Amino acid sequence: AKADTHDSIIFHSDEMNIELEKRIDLERSLRKGIENNEFFLVYQPIIHSTTGEIKICEALLRWVHPKWGLIPPLEFIPIAEETGMIHSLGKWILNAACKQVKEWQEAGFKNIGASVNVSAYQLDSTRFIENVKRALELSGLEAKFLHLELTESVMIDKSKKTVSMMRELKGMGVKISIDDFGTGYSSLSYLKHLPIHALKIDRSFIQNLNQQSPELSIVHAILTMGHGLGLRVVAEGIETNDQLAMLTSLGCDFVQGYLIEKPLEARHFTQWLEKKQK
Ligand code: C2E
Ligand code: CA
Ligand code: CA
Ligand code: CA
């Protein structure tokens, strides 16, 4: 038994070393990853709930690391935030998404827009507005086709700077959505003060949605409040026909999830668009 304990301690510390090595290596290789084209975006359609028309696609970041393979965004984005790399990574994401969506527009899908996730850390830098302007200029994408997804954490510490940045973005014609809505702890009063276009109901509420679940009341309340404030409401993470039917009958404007389509690489998204057009 003693030997076992000993073995498991050694094993455990090996595991920790691997985690530590991975962490240090991830930090170091984030920068190189951009230069080496290890990052790419996948796109997930967000469609109108009743007409099925495509409105926008959400750009989601992927990283294939030369040693560790595909690393989920939730594993490396926090490191990018802590190390400040999120600024250059975020700039790359904005440029890549705008350029891609403009290409789809030029291929004939004239009204498709891009929805880009923005970390709260990105709003700490005044360069952010410049990066957005630059991405629109470089790609030729009209501002009204760019949506930025912010989480409620941005609203919690709503410094004057963040608010004025959001106003400036709106002034440019860029739209702002609140992502993972309902999971934050911020006061709802920000909704009436800030220039927000849409709310995205968090997947956790959609997952457990049925006629008997408390989630039904929550989703219903979000829709009533959102619409009352003149906002669009999007439901994310729809996986079943029942969920889709309920959200549609509740009057949810836009829907997104594996049931409609999973996030696709650009060339597969092009095929998806072509197939849908027929
Ligand atoms: P999120 O913004 O809430 O993105 C939705 C996540 O749910 C994505 O995971 C997406 O692939 C997944 N998803 C979509 N439909 C379904 C569904 O029907 N069922 C289930 N189970 N999952 C679904 P992903 O791509 O792993 O991204 C995770 C998180 O990483 C994102 O959550 C976002 O917070 C962050 N992230 C991803 N890309 C970016 C980015 O470009 N910039 C920043 N700042 N964050 C990003
Ligand atoms: Ca999102
Ligand atoms: Ca979300
Ligand atoms: Ca989420």
Any idea which residue in the stretch 144-174 is nearest to Q122 (Cα to Cα), counting only those that are touching a strand residue (DSSP E or B) at 6+ places or on another chain (Cβ under 8 Å) and open to solvent by 50 Å² or more (accessible area, probe 1.4 Å)?
K170
Of the residues that make up the stretch 211-224, is at least one within 16 Å of ligand 4 (Cβ to nearest atom), of a type in the set (S, T, N, Q) and open to solvent by 40 Å² or more (accessible area, probe 1.4 Å)?
no
Consider L70 against the criteria (1) surrounded by 15 or more Cβ atoms within 10 Å (Cβ to Cβ); (2) in contact with a strand residue (DSSP E or B) (Cβ under 8 Å, 6 or more places away or on another chain): it satisfies all of them except one. Which criterion is unmet?
(1)
Selected residue (criterion: nearest to K102 (Cα to Cα)) from residues of the stretch 242-274 that are open to solvent by less than 40 Å² (accessible area, probe 1.4 Å) and aliphatic (A, V, I, L, M)
A266
Members of the stretch 101-130 that are open to solvent by 30 Å² or more (accessible area, probe 1.4 Å), outside any strand (DSSP E or B) and polar (S, T, N, Q):
N111, T126
Can you give me the number of residues within the stretch 198-210 that are in a helix (DSSP H, G or I) and surrounded by 20 or more Cβ atoms within 10 Å (Cβ to Cβ)?
2
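A quick yes/no check of all residues on (1) of a type in the set (G, A, S); (2) within 21 Å of S115 (Cα to Cα); (3) away from ligand 2 (no atom under 15 Å from the Cβ):
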residue: V174; (1), (2), (3): no, yes, yes
residue: G182; (1), (2), (3): yes, yes, no
residue: K192; (1), (2), (3): no, no, yes
residue: H220; (1), (2), (3): no, no, yes
residue: V234; (1), (2), (3): no, yes, no
residue: M246; (1), (2), (3): no, no, yes
residue: L250; (1), (2), (3): no, no, yes
residue: Q271; (1), (2), (3): no, yes, yes
Please note which strands (runs of 3 or more DSSP E) are completely contained in the stretch 35-94 and include at least 1 residues that are touching a Cys at 6+ places or on another chain (Cβ under 8 Å).
39-48
Residues (open to solvent by less than 30 Å² (accessible area, probe 1.4 Å), modelled with pLDDT of 90 or more and of a type in the set (S, T, Y)) located in the stretch 17-56
Y43, S49
Suppose we filter the stretch 226-241 for residues that are surrounded by 15 or more Cβ atoms within 10 Å (Cβ to Cβ) and more than 16 Å from ligand 3 (Cβ to nearest atom); how many remain?
2
Search result, residues across the stretch 140-154 that are touching a residue at least 60 places away in the same chain (Cβ under 8 Å) and either closer than 10 Å to D180 by Cα or among the charged types (D, E, K, R) (or both):
E149
Look at H193 and say whether it is in contact with a strand residue (DSSP E or B) (Cβ under 7 Å, 6 or more places away or on another chain) and open to solvent by 40 Å² or more (accessible area, probe 1.4 Å).
no
Restricting to the stretch 181-190, count the residues that are open to solvent by 50 Å² or more (accessible area, probe 1.4 Å) and either within 16 Å of ligand 4 (Cβ to nearest atom) or not aliphatic (A, V, I, L, M) (or both).
4
Looking at the stretch 206-223, can you tell me whether even one residue there is touching a helix residue (DSSP H, G or I) at 6+ places or on another chain (Cβ under 7 Å), hydrophobic (A, V, I, L, M, F, W, C) and without any contact (Cβ under 8 Å) to a residue 24 or more places away in the chain?
no
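The values are calculated or read from the model by the stated rules, or taken from the named source; none is laboratory data. Bear in mind that the values here come from a model prediction, so they are computed numbers and not experimental data. Don't worry about glycine lacking a Cβ; one is built from the backbone with ideal geometry, like all the others, and counts go over all protein chains shown. Ligands, DNA and RNA are stripped out before the accessible areas are found, and what is left, the full protein with its side chains, is counted by its heavy atoms. Shrake-Rupley method; radii C 1.70, N 1.55, O 1.52, S 1.80 Å.
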